[in-house]
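The values are calculated or read from the model by the stated rules, or taken from the named source; none is laboratory data. Not measured: the values here are computed from a predicted model. FYI the Cβ positions are ideal-geometry reconstructions off the backbone, even for glycines, and counts take in every protein chain you see. All accessible areas refer to the heavy atoms of the entire protein, side chains included, with ligands and DNA or RNA removed. Shrake-Rupley method; radii C 1.70, N 1.55, O 1.52, S 1.80 Å.
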Amino acid sequence: SEVGVNGRDAWPPGVAELAKAVGDVVAPEWEGSVEICGVPGEEYAYAGAIDALDFLTLKCTPSAPHHVILTPSMISGYQTVFAFLLRLLRAEEALSRVILSKWWRDQHRIPAQPRIRRAWEVEDDFASTAYEGDYKSGLELMHLSQVFVTGLMRYAFGVGVGEVWAPFRKALDIVAARNHGARHNATDDVDVEATRIADSITDLSSLHALHAQHMDRMNSRLFLKRNQAPVRKIIDGMVQICLDFARMAAAPTPGASTRFTVNRNKDARMRELCGAFKLR
């Protein structure tokens, strides 16, 4: 990430540094939609924690009549979804950079500056490697972590958000077209689900209720509801292990006099993390 959350020790960075990083990654059409919630305090003092970026919040000040739909509670719901997806994106970014580390090159005897690869490419490396013991545990954890994070991201963005939001957005387009007197063309693709949703929207009140229902479905699919806390705790724990592993693998190698001892300690710790990951 721009502020190096996955590798630095001093955390949190200054507000100016954070503001520049946010400005660099937010698309122009969303400029001003993400802001830093105050000055990050001691609760965000560890860069390796899963919640290290939770002080970044969505900002939205809707004007009339949109304020009837985008109420503070709805914006809070979007913030919860945003924070969860940001954690997954951060974990993916951290794992994708493990193969740039000296630890990874040492295991595979490969040159510096390798290209970033994904889980399906790492699987072949893991299956063919001849290392055993603690070395094997680190490589196995790399494979397990990437498969888990990649799969969870596909589910979160595709099923948790995409399958819920896509028909609702199409329904809004249908309602907007109807309000402008547009007629359906027989050659247009017909989305039965979106049409059904559009037919149920009769006024702002019904639109607000429908919006709330879709937000509830999104939160349910992403395990963000209060009664899903035990499942979410397991997911957060596994993501935290992925972040711990990526941070450890990317840690700089010390001088020759201590390298052997430190590397053995690192590999032993990776074996512990691998065992903890499998238990969850």
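Just a few scattered comments:
- Failed criterion for Ile197 (all others in (1) closer than 30 Å to Ile235 by Cβ; (2) at pLDDT below 85 hold): (2)
To keep it simple, each residue is scored yes or no on (1) touching an Asp or Glu at 6+ places or on another chain (Cβ under 7 Å); (2) in contact (Cβ under 8 Å) with a residue 60 or more places away in the chain; (3) not β-branched (Val, Ile, Thr).
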{"position": "Lys59", "(1), (2), (3)": "yes, no, yes"}
{"position": "Ser63", "(1), (2), (3)": "no, no, yes"}
{"position": "Thr71", "(1), (2), (3)": "no, yes, no"}
{"position": "Ser76", "(1), (2), (3)": "no, no, yes"}
{"position": "Gln79", "(1), (2), (3)": "no, no, yes"}
{"position": "Ala91", "(1), (2), (3)": "no, yes, yes"}
{"position": "Arg97", "(1), (2), (3)": "no, yes, yes"}
{"position": "Leu100", "(1), (2), (3)": "no, yes, yes"}
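- Where a residue in segment 176-205 is closer than 19 Å to Val68 by Cα and its partner, wherever it lies, is at pLDDT below 85 and exposed (fewer than 12 other Cβ atoms within 10 Å of the Cβ), with Cβ under 8 Å and at least six apart: Leu204/Pro65
- Residues of segment 62-91 that are part of a helix (DSSP H, G or I) and open to solvent by 60 Å² or more (accessible area, probe 1.4 Å): His66, His67, Pro72, Ser73, Ser76, Leu89.
- Some residue of segment 182-193 being of a type in the set (S, T, N, Q) and outside any loop (DSSP other than H, G, I, E, B): no
- Any chance Ser33 is touching a Cys at 6+ places or on another chain (Cβ under 8 Å) and modelled with pLDDT under 75: yes
- Scanning segment 271-280 for residues that are open to solvent by less than 100 Å² (accessible area, probe 1.4 Å) and within 23 Å of the chain's Cα centre (by Cα) gives Leu273, Cys274, Ala276, Phe277.
- Taking every residue in segment 212-223 that is on the phi > 0 side of the Ramachandran plot and pairing it with any residue that is open to solvent by 50 Å² or more (accessible area, probe 1.4 Å), at least 6 positions away or on another chain, the pairs with Cβ-Cβ distances below 6 Å are Phe223/Val231.
- Residue match in segment 214-229 (condition: over 19 Å from Gly48 (Cβ atoms), at pLDDT 85 or above and hydroxyl-bearing (Ser, Thr, Tyr)): yes
- Residue that is modelled with the lowest pLDDT [pool: residues in segment 153-183 that are closer than 21 Å to Val231 by Cα and surrounded by 19 or more Cβ atoms within 10 Å (Cβ to Cβ)]: Val164
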